[in-house]
Amino acid sequence: MSAEFADTLKQFRLRKSAGRTGICFDNAMAESFFDALKDERVSRVTHLTREAARQDITRRIELWCNHRRLHSTIGY
């Protein structure tokens with residue numbers, strides 16, 4: 001891991017993945033999340049600009065995924 005990346009994680013108080021390179025289970029939850037996001041929002045809405053897409057997807061994550069959607073990994 002690069003020092004710059006490690007510093008960025010520290011700045012935002014994020015934790016590094018505990019897995020090793022090449023271990024597929026590290027990405028399974030993230031891949032599942034982004035697959036659902038693409039299916040539920042990205043492929044169903046046409047955005048006129050990149051900024052409009054960014055704002056819409058951010059709003060979707062903040063208002064729907066983080067507050068309303070049930071998460072099996074944290075006990076629903």
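See the values below:
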item	result
Karplus (6.51, -1.76, 1.60) ³J(HN,Hα), θ = phi - 60°, over segment 29-43, in Hz, Gly and Pro reported as x	5, 5, 5, 5, 4, 5, 5, 5, 4, 5, 5, 7, 10, 4, 7
In Hz, Karplus ³J(HN,Hα) per residue of segment 48-55 (6.51, -1.76, 1.60; θ = phi - 60°; x = Gly, Pro)	6, 9, 5, 5, 5, 5, 4, 5
Estimated distance in nm for a label pair at Glu62 and Met29, the labels positioned 7 Å out from Cα along Cα-to-Cβ	2.3
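Only the coordinates and a few stated rules stand behind these numbers; no lab work does. Values in this document were obtained by computation on a predicted structure and should not be read as measured data. Here Cβ is always computed from backbone atoms with ideal geometry, including for glycine, and neighbour counts include all displayed protein chains.
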